[in-house]
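Participant: Following this message is one structure expressed as structure tokens.
Just so you know, all these numbers are worked out from the coordinates, no wet-lab data involved. It should be emphasised that the depicted structure is a prediction, and the values quoted were computed from it without experimental measurement. Cβ coordinates were reconstructed from backbone atoms using ideal geometry, including for glycine residues, and neighbour counts include every protein chain displayed.
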Amino acid sequence: MAGPSVIVLDDYETLSRAAADIVQEVVAASPSARVVLAMGETPMGPYRELARRREMGAFDASRLVVFQLDEYVGIRPADARSLYSWAVRSFVAPLGIPLENVVRLPADGADLVPACAAYDRVVEEAGGYELAILGIGMNGHLGFNEPPSDASAPTREVLLSAESIASSAPNWGGREHVPRRAVTIGMAGLLRARKTLLLASGARKREIVHRALRGPVTPDVPASYLQQTGEVTVLLDREAWGEV
Ligand code: GLP
């Protein structure tokens, strides 16, 4: 297998436009594609660029079906700190996608185990995801698939790592307020996506990016499984790759 195609862009602006180009190509080929949507800082530039193109009348994503990648447990979707409401603010509303087209993770119910299993079954029966837009955590996680997570990990409830709690803290007014548990789409579903776009920006991601793309494939770096899956494009800015 050829492995991921790694594209290093000059800076974050260029990365954002390149990512928007790829999303636009997918939507042109498949207007009602099922798309997994990461939150976090990295994809915000691409999402803003897509919204700008829509405003110019150059992009119509209104038929996409959007799947949230991860969610804190016990948070109501309407809570401004939920990843669902961040997805609505940053992608769904600016692109004019109806809320009925957003598929929520089962993160606020009582019985998460059967709910997550049912979720995976429904997605599988629908044919899986056509595009997964992903970022990478400082510990190599995808979504909230914290290390160790192997390629077969299903959609499930997880305990957040210290790294994830620290990186969520600014949105919660401090670490002590960040929920300890989350639901994430599992590795198995993500790795079966027809196309994957992995985005990383900035020098702080450099070490984990190299471990994920060039290091051994291991549950200790969940993103390393992308070395073994189908069509993966990795967009990095120069800072995230280092000297080339
Ligand atoms: C978070 C999210 C991931 C996200 C990653 C990177 O913890 N669960 O889905 O991709 O960390 O975030 P950022 O882009 O802000 O660095």
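Participant: Stretched out fully, how many nm does the piece from residue 169 to residue 122 gain, at 0.36 nm a residue minus the Cα gap?
Facilitator: Working: separation 47, 0.36 × 47 = 16.92 nm, distance 3.26 nm.
My answer for the length gained is 13.7 nm.
Participant: Let me have the relative contact order for region 33-137, percent, based on Cα pairs under 8 Å that are six or more residues apart.
Facilitator: 40
Participant: Okay, moving on. Can you work out ³J(HN,Hα) from phi for every residue in region 44-58, in order, using Karplus 6.51 cos²θ - 1.76 cosθ + 1.60 and θ = phi - 60°, giving whole Hz and x for Gly and Pro?
Facilitator: 5, x, x, 5, 5, 5, 5, 5, 4, 5, 5, 4, 7, x, 9
Participant: Relative contact order of region 164-244, please, whole-number percent, based on alpha carbon pairs below 8 angstrom and at least 6 residues apart.
Facilitator: Details: 88 pairs, mean separation 26.0, N = 81.
Relative contact order of region 164-244: 32 percent.
Participant: Okay, next question. Give a residue-ordered list of calculated ³J(HN,Hα) values for region 198-205 (Karplus: 6.51 cos²θ - 1.76 cosθ + 1.60, θ = phi - 60°; whole Hz; x for Gly, Pro).
Facilitator: 9, 10, 8, 9, x, 5, 5, 8
Participant: How would you classify region 1-55 from its alpha-carbon gyration tensor, with a ≥ b ≥ c the square roots of the eigenvalues: rounded for a/c under 1.5, else prolate if a/b is greater than b/c, otherwise oblate? Write out the running numbers ahead of the final one.
Facilitator: On the way: a/c = 1.57, a/b = 1.06, b/c = 1.49.
Verdict is oblate for region 1-55.
Participant: Another one. By counting other Cβ atoms within 10 Å of each Cβ, how are 211, 121 ranked from fewest to most?
Facilitator: Numbers: 211 18, 121 11.
Fewest to most other Cβ atoms nearby, the residues stand as 121, 211.
Participant: Taking Cα centroids, how far is region 141-209 from region 29-54 in Å?
Facilitator: Their Cα centres are 18 Å away from one another.
Participant: Can you sort 165, 136 from fewest to most other Cβ atoms within 10 Å of each residue's own Cβ?
Facilitator: Arranged by neighbour count, lowest to highest, 165, 136 become 165, 136.
Participant: If you rank 150, 10 by fewest surrounding Cβ atoms within 10 Å, what's the result?
Facilitator: Fewest-to-most ranking of 150, 10: 10, 150.
Participant: When a/c reaches 1.5 or more, the comparison of a/b and b/c decides; with that in mind, is region 1-160 rounded, prolate or oblate per its Cα gyration tensor?
Facilitator: It is prolate, given that a/c is not under 1.5 and a/b is the larger ratio.
Participant: What shape does region 79-211 take by its C-alpha gyration tensor, where a ≥ b ≥ c are the square roots of the eigenvalues and a/c under 1.5 counts as rounded, a/b above b/c as prolate, and the rest as oblate?
Facilitator: Because its axes are fairly even, with a/c under 1.5, region 79-211 counts as rounded.
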